[in-house]
Amino acid sequence: MNLASQSGEAGAGQLLFANFNQDNTSLAVGSKSGYKFFSLSSVDKLEQIYECTDTEDVCIVERLFSSSLVAIVSLKAPRKLKVCHFKKGTEICNYSYSNTILAVKLNRQRLIVCLEESLYIHNIRDMKVLHTIRETPPNPAGLCALSINNDNCYLAYPGSATIGEVQVFDTINLRAANMIPAHDSPLAALAFDASGTKLATASEKGTVIRVFSIPEGQKLFEFRRGVKRCVSICSLAFSMDGMFLSASSNTETVHIFKLETVKEKPPEEPTTWTGYFGKVLMASTSYLPSQVTEMFNQGRAFATVRLPFCGHKNICSLATIQKIPRLLVGAADGYLYMYNLDPQEGGECALMKQHRLDGSLETTNEILDSASHDCPLVTQTYGAAAAKGTYVPSSPTRLGYTDDLGAVGGACLEDEASALRLDEDSEHPPMILRTD
């Protein structure tokens, strides 16, 4: 969630950026005074892991899983990317690009830098530019998604500025994998599941969410968020087990869809007049326009969340905290909201806690009485289940480089003893020989 161009957001104050890491175990917050990391291991407390005040106006800050590797962009140098080891307080390398950096995505294989009309693919082990995708359709929002899976390491980005085409790029073999005609309207949101085999999409119209197989591009699911009004989808997020998909927007409602295929039962002959009428109605859909037929087949929300605000930009995440599935929403009003999700029954989710994104404490009464929270809060009991993901370690780093195709940076020292293990927080990245 980048708020750098939306300084008028009510309640945001110093907030410029907020995002969850790849496995939803921590939250990164960028502000006018620097950046912070918070652990998401508890509902009752938002524990601060680290705070940096050396860099002001941080508009992008992305952490690599639970490691100490962090990518930073500031408003004072919007074309410059800094890669740092935040626990040691050292800069590993920096790169300058030909235009403003709109988004940065990381996994254990690649680092992606998104500009308005180009994408740079770096090898995260040595930060060398492996490939540049040039002359992409205008993408002023910096919309793109990177799979976190080592084997299915795909990048998705808009293939058109006028319709909802998705370009899927294989970042390991450095070649185009597919083009998916996902929507009639331009794209508004993209998200991979943890396995890299599913891609969720939403258009600017915001009424339909689709899920496609990757890399084949076959439509697997289609969910309808609503029919009454068009909305702006802010974010899409899968649960780590790939069973649920959340969609947040500029409205007060977050929708959670369940990705399950209903087994077809053998047809039964109706024994009542209403049963006969229902059979005739379903049979008649084959004669209706395709748009109407699709509405009969679209899935509805399995669960919903009613946020205590309307109109603020936000980002959502489905995480397992203390062995219970939760929906997390970081919002431009300066709060992180935590809801319980009932994975069996769904329904309206219960608000369990909300925390200030600046790390300060507020009493429950102060939060509930806040003037910016103009929608009622909802509570409900439920039963829950947990899900957990595992990841494969990465290999050591190598020498750095200087690239003459638009990204320029320093060189890393080759030191096997100080190589960064990207799956382990206790390991440290190599130091950098600065050549500014």
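Below are the figures for this structure:
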read-out: Set 15, 27, 40, 3: member being surrounded by 16 or more Cβ atoms within 10 Å (Cβ to Cβ), under 24 Å from residue 192 (Cβ atoms), at pLDDT below 95 and touching a Leu at 6+ places or on another chain (Cβ under 7 Å); value: 3
read-out: Cross-chain or 6+ apart pairs with Cβ under 7 Å, the stretch 94-115 first and part of a strand (DSSP E or B), then aromatic (Phe, Trp, Tyr) and surrounded by fewer than 22 Cβ atoms within 10 Å (Cβ to Cβ); value: 113/97
read-out: Cβ pairs under 7 Å, 6+ apart, first in the stretch 311-322 and within 17 Å of residue 1 (Cα to Cα) and among the hydrophobic types (A, V, I, L, M, F, W, C), second at pLDDT below 95 and crowded, with 22+ Cβ neighbours inside 10 Å; value: 315/1; 315/234
read-out: Condition check for residue 119: farther than 28 Å from residue 54 by Cβ and in a strand (DSSP E or B); value: yes
read-out: Qualifying position, being farther than 26 Å from residue 25 by Cα and touching a residue at least 60 places away in the same chain (Cβ under 8 Å), among 198, 128, 205; value: 128
read-out: Selection from the stretch 136-163 of residues that are among the β-branched types (Val, Ile, Thr), in contact with a Ser or Thr (Cβ under 8 Å, 6 or more places away or on another chain) and either under 14 Å from residue 113 (Cα atoms) or in contact (Cβ under 8 Å) with a residue 40 or more places away in the chain (or both); value: 136
read-out: Test: residue in the stretch 56-71 that is within 14 Å of residue 357 (Cα to Cα) and surrounded by fewer than 21 Cβ atoms within 10 Å (Cβ to Cβ); value: no
read-out: Looking only at the stretch 308-360, and only at residues there that are part of a loop (DSSP other than H, G, I, E, B) and hydrophobic (A, V, I, L, M, F, W, C), the one that is surrounded by the fewest Cβ atoms within 10 Å (Cβ to Cβ); value: 310
read-out: Single unsatisfied condition, residue 80 versus (1) over 30 Å from residue 208 (Cβ atoms); (2) charged (D, E, K, R); (3) at pLDDT 95 or above; (4) in a loop (DSSP other than H, G, I, E, B); value: (4)
read-out: Matching residues in the stretch 110-146 - criterion: being over 18 Å from residue 95 (Cα atoms) and crowded, with 20+ Cβ neighbours inside 10 Å; value: 139, 144, 145, 146
read-out: Qualifying residue in the stretch 5-22 (condition: among the charged types (D, E, K, R), assigned to a loop (DSSP other than H, G, I, E, B) and over 18 Å from residue 314 (Cα atoms)); value: no
read-out: Residue count, the stretch 122-152 (criterion: among the small types (Gly, Ala, Ser) and outside any loop (DSSP other than H, G, I, E, B)); value: 1
read-out: When residues of the stretch 174-214 are limited to those that are among the β-branched types (Val, Ile, Thr) and in a strand (DSSP E or B), the one surrounded by the fewest Cβ atoms within 10 Å (Cβ to Cβ); value: 208
read-out: All positions within the stretch 190-244 that are touching a Cys at 6+ places or on another chain (Cβ under 8 Å) and among the basic types (Lys, Arg); value: 205
read-out: Subset of the stretch 215-231 (residues that are out of contact with any Leu (no Cβ under 7 Å at 6 or more places or on another chain) and not in a loop (DSSP other than H, G, I, E, B)); value: 219, 220, 222, 223, 224
read-out: Pairs, first under 14 Å from residue 329 (Cβ atoms) and touching a residue at least 12 places away in the same chain (Cβ under 8 Å) in the stretch 229-245, second in a loop (DSSP other than H, G, I, E, B) and of a type in the set (Gly, Ala, Ser), C-beta under 6 Å, six or more apart; value: 233/206
read-out: Breaking point among (1) free of Cβ contacts under 8 Å to residues at least 60 places away in the same chain; (2) hydroxyl-bearing (Ser, Thr, Tyr); (3) not in a strand (DSSP E or B), for residue 50; value: (3)
read-out: Neighbours by Cβ (under 8 Å, 6+ apart or cross-chain): first from the stretch 21-43, free of Cβ contacts under 8 Å to residues at least 24 places away in the same chain; second of a type in the set (Ser, Thr, Tyr) and surrounded by fewer than 23 Cβ atoms within 10 Å (Cβ to Cβ); value: 33/53; 39/25; 39/26
read-out: Qualifying position, being touching a Cys at 6+ places or on another chain (Cβ under 6 Å) and of a type outside the set (Asp, Glu), among 142, 164, 159, 89; value: 142
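The values are calculated or read from the model by the stated rules, or taken from the named source; none is laboratory data. In this text the structure is predicted, and so the values were computed from the model without any measurement. Here the Cβ is made from the backbone with ideal geometry for all residues, glycine too, and neighbour counts use every protein chain on show.
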